[in-house]
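S.K.: Before I ask anything, let me first share the structure, which is written out below as structure tokens.
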């Protein structure tokens, strides 16, 4: 069984030769981000981090809640803090390539915004040649060469094939390609 994707010819250059102006997310991290708010906060913070706004970005509470799709939920603030921020902070630190701390911005006694401190992170399972389960992935170089020769005619670069192999979720890199009929 495999999935077949077809792209409009006008989109192929954008999809197959994408090298800059995008946010790289480690798809293996999603397995551990159990809530949609944790996933959305990971996207927001990772985008801010990758764009280079590393000087402690400040977001209003209303703006952040809107970005996370919870504008009308998690009131009062302490509920939002415990169920969204603290939970996401713990999960991101344990399982993703970024971690964060935050400071509350207050007007009188009310929290109106947050200042984020985002840093790179290296969770224990996130190493170059290991799966989420910690098993080493070994794929012979000849296998890569064989696959590259098959997909090169479609305009797929060696770099795209390497990334696909690294992040495919088919168990090992080799089975990831075999799963897709190569």
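S.K.: Hey, fewest Cβ within 10 Å first, where do 91, 83, 108 land in order? Walk me through the numbers before you get to the answer.
M.R.: Numbers: 91 19, 83 15, 108 5.
The most exposed by this proxy come first: 108, 83, 91.
S.K.: Still on this structure: How do 60, 38 line up, fewest other C-beta atoms within 10 Å first?
M.R.: Values: 60 12, 38 24.
Going from least to most buried by this count: 60, 38.
S.K.: Among 31, 46, 4, which comes first, then next, by fewest other beta-carbon atoms within 10 Å? Each step should come with its number before you reach the end.
M.R.: Working: 31 11, 46 21, 4 6.
The most exposed by this proxy come first: 4, 31, 46.
S.K.: In addition: For a Förster distance of 41 Å, can you work out the FRET efficiency between the beta-carbons of residue 71 and residue 7, rounded to the nearest 0.05?
M.R.: About 0.75, to the nearest 0.05.
S.K.: One quarter of the convex hull surface, Cα atoms only: what value does that give for the stretch 27-120 in nm²?
M.R.: Working: hull surface 22.7 nm².
For the Cα atoms of the stretch 27-120, the hull's average projected area reads 5.7 nm².
S.K.: Can you quote the Å³ per residue value for the convex hull of the Cα atoms in the stretch 39-90, rounded to an integer? Display every interim value, and only then the final one.
M.R.: Details: hull volume 4.2 nm³, N = 52.
Normalising the Cα hull of the stretch 39-90 by residue number yields 80 Å³.
Every read-out reported here was derived from the displayed coordinates using simple, explicitly stated rules and does not represent laboratory data. Only a predicted model underlies this, so the values are computations on that prediction, with no experimental measurement involved. In this analysis, Cβ positions are derived from the backbone assuming ideal geometry, glycine residues included, and neighbour counts consider all displayed protein chains.
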